[in-house]
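All remarks here apply to the structure that follows.
The values are calculated or read from the model by the stated rules, or taken from the named source; none is laboratory data. No experiment lies behind these values; they were computed from the predicted model shown. These accessible areas exclude ligands, DNA and RNA; they are computed on the full protein's heavy atoms, side chains included. Shrake-Rupley method; radii C 1.70, N 1.55, O 1.52, S 1.80 Å.
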Amino acid sequence: MPDDASPESPEASAHSPDRPAKADDHTLVEAAEAILFAADEPVSASRIATIVGDVTGRSEPSEDDVAAALDRLNATYEEHDRAFEVKSWAGGYRMVTRAPLSPYAKTFYVEEQETTLSRSLMETLAVIAYRQPVTRPEVDFVRGVNSDYAIRKLLEMDLASVEGRAESVGRPLLYGTTDRFLEQFGLDALDDLPTLREVEDLLDDPAFDDERAKLLQLDREEGISVDMLDAETGDSPNGDSPDEHPPE
């Protein structure tokens, strides 16, 4: 009769020191995929490495190892024509729908109300993004109007943040963009912002004018004007809060 601890015993095999624990059976690729699948925001390579080390009790993989694992994961997705991929996003990684399939995801959420930026908020955010760190008077100078209201709203929305104080007279606050800004606009870093020349080329593109015309037509059909939308957000027709006026 075989001994309970004999090599042929299933229990002995399961507890053999040569056999890794169940949690250790998973590869770095699987672990990274599970983390990104569960995450609601981008996850850095260092964070993934720390989690893997904590779970397995082994040395943390390097960030290069994590990046290589995610490359293999993307190769698997592409090989099997999966609907998603892992992208570098806002200083980390996140799982996203492949661009050709995005209309399906958008249609799924079509009934959900989207939070949009008014004209004044978009102008102010653009100035902060391209000139940061920047003071409010500098933003006012570029826009030609008082930007108090717009900056306060951007701070509330976590798209802008206070970066410190300038050394000029009065030591005004300096503003910059946040990681949420990068995430919302699909940027990995500020270096990914289009150049001003690229923006000008886009505005001069006839296709852009056609798209804008379609949006204006849709706006008229729905009986909602741009000015009415600005009024609902507390902006005046010139793009700012009714109580805002250029400094004299």
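The amide H of Glu163, built 1.01 Å from its N in the peptide plane, has Leu174, Tyr175, Gly176 as neighbours under 5 Å, considering only residues 5 or more places off or on other chains.
Residues whose amide H lies under 5 Å from that of Trp89, counting only those 5 or more places away or on a different chain, are Arg94; hydrogens are built 1.01 Å from N in the peptide plane. For Phe84, the residues whose amide H sits under 5 Å from its own are Arg98, ignoring neighbours fewer than 5 places away on the same chain, with H placed 1.01 Å from N.
Measuring with a 1.4 angstrom probe and ignoring ligands and nucleic acids, Asp179 comes out at about 110 Å² accessible. Taking every protein chain into account, the 1.4 Å probe leaves Arg94 with about 50 Å² of accessible area, to the nearest ten.
3J(HN,Hα) couplings calculated from phi for the range 182-190 with the Karplus curve 6.51 cos²θ - 1.76 cosθ + 1.60 (θ = phi - 60°) are, in sequence order, 4, 5, 5, 9, x, 10, 8, 7, 5 Hz; Gly and Pro show x.
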